[in-house]
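Chemist: So that we are looking at the same thing, I have put the structure below in structure tokens.
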Amino acid sequence: MNALPLSRRRAVTVLCAATILMGSSVRGAPSTLDALTSHDASSGLRAALSQGIDTAVSQLGVPNGFLNDPKVAIPLPPALEKADRALRMVGMGGEADKLKVGMNHAAEMAVADAKPIFKAALQRMTVADAKGILTGGEDAGTQYFKRATSAQLTTKFKPTIARETAKLQLAPVYDKYAGKAAELGLVNKQDADLNDYVTARTLDGLFSRIADEEHAIRKDPLGQANSLIKKVFGAVH
């Protein structure tokens, strides 16, 4: 009999390990867990994580996806946030608003590029990763994505954010705003990179939304539309 290709053997190994791990991590319901096949276990896990990715990207990677969500909306950089009220009093409210809106729109544009990177991370999932996700806390899947994708997402996002901030001429606005704040003695003049700041906050918002989706699936697996998610996470739950 011909040997399975390496990628196929690896997938089978992950499937089997996931089922074993799930069966050993929950006491009191052996019949339910034992009924899960290795294919069901892995498919359910991947479906749940993929659903979280799809939802997060679709919610944030649209016009006003960041701006209209108080939980993830990107504020002024910390050094300028405390000066915001005073600057508005001297007639610079328009610049502050333009900066906030522009940063959030840049984040929306960047998030649209995230899905392929997340999907690739799912395909690279190892036995150890599966164990950590299935037996970990409510955000174990999110933490896996952070470890597996943060560096690549940063590299992918930064050029997009830089292009959008340049298109909206945000750098001059930022320089003017920060300069005025320094003149008024409200903050020290800092040479922080605006694009680095927006990139970091974009990642924070994206992972926060993925964590929300993961939590919802773990909390109410039977309320999910996908039958495999119900079956797998319902057994664990």
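The values are calculated or read from the model by the stated rules, or taken from the named source; none is laboratory data. Quick caveat, the model's predicted, so the values are computed rather than measured. Methodologically, a virtual Cβ is constructed for each residue, glycine included, from the backbone with ideal geometry; neighbour enumeration extends over all protein chains shown. Remember, those area values only see protein heavy atoms, side chains included, never the ligands or the DNA or RNA. Shrake-Rupley method; radii C 1.70, N 1.55, O 1.52, S 1.80 Å.
Chemist: Testing the spin-label approximation: label points 7 Å from Cα along Cα→Cβ at Ala120 and Asp196. State their distance in nm.
Modeler: 2.4 nm
Chemist: By the scheme Lys and Arg +1, Asp and Glu -1, what is the net charge of all other residues having a beta-carbon under 12 Å from that of Gln59?
Modeler: -3
Chemist: Report ³J(HN,Hα) in whole Hz for each residue of segment 205-214, in order, from the Karplus equation J = 6.51 cos²θ - 1.76 cosθ + 1.60 where θ = phi - 60°; Gly and Pro get x.
Modeler: The phi angles translate into x, 5, 5, 5, 5, 4, 4, 4, 5, 4 Hz.
Chemist: At 1.4 Å probe size, what's the solvent-accessible area of Asp212? Round to the nearest 10 Å².
Modeler: 50 Å²
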